[in-house]
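*Asks:* Please see the structure below; I have some questions.
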Amino acid sequence: EAGVVQSPRYKIIEKKQPVAFWCNPISGHNTLYWYLQNLGQGPELLIRYENEEAVDDSQLPKDRFSAERLKGVDSTLKIQPAELGDSAVYLCASSRGNSEGEGQFFGPGTRLTVL
Amino acid sequence: AQTVTQSQPEMSVQEAETVTLSCTYDTSESDYYLFWYKQPPSRQMILVIRQEAYKQQNATENRFSVNFQKAAKSFSLKISDSQLGDAAMYFCAYRSSARWTSYDKVIFGPGTSLSVIP
């Protein structure tokens, strides 16, 4: 079984430029999460999808961040324009979304550096 | 709102020895799940062990076991016979099981960096 796939793995951009990250969850996982992880800290949720619906985007800075999950499978997270403080690792995770407490499966992350 | 605290930013252990990582959490819910995740340097995060709050028996996965104290809201991870490959950041996480509270939300602690000394 393929794991959670993310691309690109690394991205370096100038501030004020746009950037996009892509995630393909594990097949059959209807819940998809985007997290931001700063160095030495735990992941912080940006947005959570149940199928194609964003059910929790309260921590997403909507003035510059946007996300979509068309057809309830893969997802794209975009930042426009990027700021220096956006430098971090962006993690995607997926789960079956039931109440069994299975836990989440994480992708390798995209390390973003904003210069 | 739920919170998760890991009071040990860094820990070290001699190879083959045992180490315990601490985690405490705050919640008003009675049913929930607790997890320990491992994140090796520059590698992806993986689930180490999970505990269901309604089960009194502590979870065990090979060399990894937990000490779950529900009344004290404590969830520590014990690693026995530590190996070099255990060196990583370890994150404690909480997840509600109540559907009407967006149960699929997971809250992570700040992490503990574990070093294994040869």
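The values are calculated or read from the model by the stated rules, or taken from the named source; none is laboratory data. Bear in mind that the values here come from a model prediction, so they are computed numbers and not experimental data. Because the Cβ atoms are built from the backbone with ideal geometry, glycine has one as well, and the counts that use them run over all protein chains shown. Accessible surface areas use protein heavy atoms only, side chains included; no ligands, DNA or RNA. Shrake-Rupley method; radii C 1.70, N 1.55, O 1.52, S 1.80 Å.
*Asks:* If A:L115 meets every condition in (1) more than 13 Å from chain B (Cβ to nearest Cβ); (2) surrounded by fewer than 17 Cβ atoms within 10 Å (Cβ to Cβ); (3) touching a Leu at 6+ places or on another chain (Cβ under 6 Å) apart from one, which number is that one?
*Replies:* The single condition A:L115 does not satisfy is (3).
*Asks:* A:G101 fails exactly one of the following numbered conditions: (1) open to solvent by less than 10 Å² (accessible area, probe 1.4 Å); (2) within 10 Å of chain B (Cβ to nearest Cβ); (3) part of a strand (DSSP E or B). What is the number of that condition?
*Replies:* Every listed condition holds for A:G101 apart from (3).
*Asks:* Also, quick follow-up: Within the range A:86-95, is there a residue that is touching an Asp or Glu at 6+ places or on another chain (Cβ under 8 Å) and under 26 Å from B:E52 (Cα atoms)? Lay out the reasoning, then the answer.
*Replies:* Just the residues of the range A:86-95 that are touching an Asp or Glu at 6+ places or on another chain (Cβ under 8 Å), to begin with: A:95.
Next, only the ones that are under 26 Å from B:E52 (Cα atoms) stay: A:95.
Looking through the range A:86-95, at least one residue is touching an Asp or Glu at 6+ places or on another chain (Cβ under 8 Å) and under 26 Å from B:E52 (Cα atoms).
*Asks:* Output the residues belonging to the range A:1-43 that are over 17 Å from A:S66 (Cα atoms) and of a type in the set (A, V, I, L, M).
*Replies:* A:A2, A:V4, A:V5, A:I12, A:I13, A:I26, A:L39
*Asks:* Inside the range A:34-62, can you point out the residues that are outside any strand (DSSP E or B) and either closer than 22 Å to B:R95 by Cβ or more than 12 Å from every other protein chain (Cβ to nearest Cβ) (or both)? Spell out the reasoning first.
*Replies:* Step one: list which residues in the range A:34-62 are outside any strand (DSSP E or B), which gives A:38-43, A:51-52, A:57-62.
Across the range A:34-62, the qualifying residues are A:N38, A:Q41, A:G42, A:P43, A:N51, A:E52, A:D57, A:S58, A:Q59, A:L60, A:P61, A:K62.
*Asks:* For B:E61, which of the numbered conditions (1) surrounded by 13 or more Cβ atoms within 10 Å (Cβ to Cβ); (2) within 14 Å of another protein chain (Cβ to nearest Cβ) fails to hold?
*Replies:* Result: B:E61 passes all but (1).
*Asks:* Identify, from the list A:Q37, A:Q59, the residue that is under 22 Å from A:P8 (Cβ atoms) and open to solvent by 10 Å² or more (accessible area, probe 1.4 Å). Talk me through it step by step, then tell me what you get.
*Replies:* Working: A:Q59 fails: under 22 Å from A:P8 (Cβ atoms).
The unique qualifying residue is A:Q37.
*Asks:* I'm trying to understand the selection: among the residues of the range B:3-26, which are open to solvent by less than 50 Å² (accessible area, probe 1.4 Å) and in a loop (DSSP other than H, G, I, E, B)?
*Replies:* B:Q6, B:Q8, B:S22, B:C23
*Asks:* What are the pairs, 6+ residues apart or on separate chains, where a residue within the range A:22-33 that is within 13 Å of chain B (Cβ to nearest Cβ) has its Cβ under 7 Å from a residue that is part of a strand (DSSP E or B) and of a type in the set (K, R)?
*Replies:* Going by the 7 Å Cβ cut-off, the qualifying pairs are A:T31/A:R48; A:Y33/A:R48.
*Asks:* I've got another one for you. Do any residues in the range B:104-118 that are more than 10 Å from chain A (Cβ to nearest Cβ) and open to solvent by 20 Å² or more (accessible area, probe 1.4 Å) have Cβ atoms under 7 Å from those of residues that are assigned to a strand (DSSP E or B) and not β-branched (V, I, T), where the two are at least six apart or on different chains, and which pairs are they?
*Replies:* B:S115/B:S12; B:I117/B:S12; B:I117/B:Q14
*Asks:* Quick one: count up the residues across the range B:30-42 that are touching a residue at least 40 places away in the same chain (Cβ under 8 Å) and open to solvent by 40 Å² or more (accessible area, probe 1.4 Å). Write out each step before concluding.
*Replies:* Initial filter on the range B:30-42 (touching a residue at least 40 places away in the same chain (Cβ under 8 Å)): B:31-41.
Imposing the further condition that a residue be open to solvent by 40 Å² or more (accessible area, probe 1.4 Å) reduces the set to B:31, B:41.
Selection size over the range B:30-42: 2.
*Asks:* Further, regarding this structure: Based on this model, can you work out whether B:Q56 counts as within 30 Å of B:P118 (Cβ to Cβ), over 14 Å from the mean Cα position of the chain (by Cα) and away from chain A (no Cβ under 11 Å)?
*Replies:* Numbers: within 30 Å of B:P118 (Cβ to Cβ): no; over 14 Å from the mean Cα position of the chain (by Cα): yes; away from chain A (no Cβ under 11 Å): yes.
In short, no.
*Asks:* A further question follows. Which numbered condition in (1) away from chain A (no Cβ under 14 Å); (2) within 30 Å of A:C92 (Cβ to Cβ) is the only one that B:P41 fails?
*Replies:* Here B:P41 meets the rest and fails (1).
Conditions tested, residue by residue: (1) more than 25 Å from A:A88 (Cα to Cα); (2) assigned to a loop (DSSP other than H, G, I, E, B).
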{"position": "B:S28", "(1), (2)": "yes, yes"}
{"position": "B:W36", "(1), (2)": "no, no"}
{"position": "B:I49", "(1), (2)": "yes, no"}
{"position": "B:Q57", "(1), (2)": "yes, yes"}
{"position": "B:S65", "(1), (2)": "yes, no"}
{"position": "B:F75", "(1), (2)": "yes, no"}
{"position": "B:M89", "(1), (2)": "no, no"}
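*Asks:* Kindly indicate whether any position in the range A:67-74 is surrounded by fewer than 17 Cβ atoms within 10 Å (Cβ to Cβ) and in a strand (DSSP E or B).
*Replies:* Yes, the range A:67-74 contains a residue that is surrounded by fewer than 17 Cβ atoms within 10 Å (Cβ to Cβ) and in a strand (DSSP E or B).
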